[in-house]
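**Q** Pasting in a structure now, in structure tokens, and then I'll have a few things to ask.
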Amino acid sequence: MVNKTGAAVLYPSGCVLGESPMWHNERQSCFWVDIEGCMIYEYSLASKTCSQYQLASRVSLIVKSNTADELILGLQGGVARFNLVTETLSIITADLNADWKTYRCNDGGCDNMGRLWISTTELKHKADAGALYCVDKNTKVSEKMDKLSISNGMAWTADNKRLYHTDSITGAIKSYLYDELAGDLEFERIVVQVPLEKGLPDGIALDAEGKLWIALWGGYGVGRFDVESGEMIGFIDIPAPNVSSCAFVGEALDRMIITTAKKEMTENDLKEFPQSGHIFIVGPGVTGAQVFNCAL
């Protein structure tokens, strides 16, 4: 049986391509980006106010730094550091084997050693043109996967022995045995195969019970999946077709924010689903797993 619930609009951001939601505990804020709008959003749960940080290039990924007022970004141009106080940006590395005129960074995450895992994609998501890289605290870059089209959500299990990785075009979330000291991966199995009629898997989040929450692009919601059976056991309905990512937020990580997009929608589609591009919030009934800071 699939348990279903709905979600409310947290902020009417109207993003062309909302992505990379995250919780910043020190600032008590939710963050997300509009990739095509080159914008970072910060929403304070306490004051219910939203700040916007305009960038000069597409930004697809934001993760927390060990410094409270800094974020680490994935851009069309490489990996960068962004200071939230001065609103200044500095490139950490552009060495991701990409022509930045036609490529950009996509999704990623941080492991428990503080390494940044980040993917690249061709702007039109050309098949087999992307890759997944690991950047360590000394900014050494290692290629971990190649011939990817749209490498998306990533999450590590609580024991740090497995990495779940989304390969959107194939509809598969794959499990890799993970060597946390070396940062090496070994393919284990497909844990979830999302049927095409349910949408394409995009961003993911792991909860404290070890279940995977998967944003479904074209699927009007976020599914909760059992990684042992591969079955959907829960679903959050979203009044927008293109649901891109999800993250647990709040001091207790007991709420979830969900990003959506207007991209690939016609004028008639937008009339039917006017909340597309907004960010949503819901109490999912479970808390989220720990997410690590970036040591860059």
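**Q** Kindly flag which residue pairs out of 48/140; 64/198; 126/263 have an alpha-carbon separation exceeding 29 Å in this structure.
**A** Beyond 29 Å: 48/140; 64/198.
**Q** Could you derive backbone 3J(HN,Hα) for the stretch 219-232 from the dihedral phi with the Karplus parameters 6.51, -1.76 and 1.60 (θ = phi - 60°), listing whole Hz in sequence and x where the residue is Gly or Pro?
**A** Using θ = phi - 60°, the values come out as x, 6, x, 10, x, 9, 10, 7, 6, 7, 8, x, 8, 6 Hz.
**Q** Follow-up question, since we're still on this one. Round to the nearest 0.05 the FRET efficiency obtained for residue 186 and residue 275 when R0 = 51 Å and r is the Cβ-Cβ distance.
**A** 0.75
**Q** I'd like the trypsin sites (Lys or Arg not before Pro) in the stretch 20-74 restricted to DSSP loop residues with at most 14 other Cβ atoms within 10 Å, sorted by number.
**A** Passing sites in the stretch 20-74 are 48.
**Q** If you stretched the chain out fully between residue 101 and residue 139, how much longer would it get, using 0.36 nm times the residue separation minus the C-alpha to C-alpha distance?
**A** That works out to 11.4 nm of additional length.
**Q** Right, something else. List the aspartates and glutamates whose Cα sits under 14 Å from the Cα of residue 147, skipping any in the same chain fewer than 8 residues away.
**A** Partners found: 122, 128, 167.
**Q** For the chain, give me the percentage of DSSP beta bridges that are antiparallel, rounded to the nearest 5 percent.
**A** Percentage antiparallel, nearest 5: 95.
**Q** Would you mind ranking 278, 165, 24 by Cβ crowding within 10 Å, fewest neighbours first? Write down the numbers at each step before the final one.
**A** Numbers: 278 23, 165 27, 24 18.
Taking fewest neighbouring Cβ atoms as first place, the list is 24, 278, 165.
**Q** Now, a different point. Provide the per-residue ³J(HN,Hα) series for the stretch 249-256, in order, calculated from phi with Karplus coefficients 6.51, -1.76, 1.60 and θ = phi - 60°, each as a whole number of Hz, with x at glycine and proline positions.
**A** 9, x, 4, 9, 6, 9, 10, 10
**Q** Under the Karplus relation 6.51 cos²θ - 1.76 cosθ + 1.60, θ = phi - 60°, what is the ordered set of whole-Hz ³J(HN,Hα) values for the stretch 191-196, x standing for Gly and Pro?
**A** Whole-Hz 3J(HN,Hα) from phi for the stretch 191-196: 8, 9, 10, 7, x, 4.
**Q** Aspartates and glutamates near residue 4 by alpha-carbon distance under 12 Å, same-chain residues fewer than 8 away left out - which ones?
**A** 237
**Q** Once you place label points 7 Å from the Cα toward the Cβ at residue 229 and residue 268, how far apart are they in nm?
**A** Between residue 229 and residue 268, the label points sit 3.9 nm apart.
**Q** Further question on the same structure: Counting other Cβ atoms within 10 Å, which GluC sites (Glu not before Pro) in the stretch 130-196 have at most 15 and lie in a DSSP loop?
**A** Those satisfying the criteria are 180.
**Q** Among 174, 198, 140, which one moves the most in a GNM of the chain with springs linking Cα atoms closer than 10 Å?
**A** Greatest mean-square fluctuation among the candidates belongs to 140.
No lab work stands behind these numbers, since they all come straight from the coordinates. The shown structure was predicted, so the numbers you read here are calculated from the model rather than taken from an experiment. Virtual Cβ from ideal backbone geometry, glycine too; neighbours counted across all protein chains shown.
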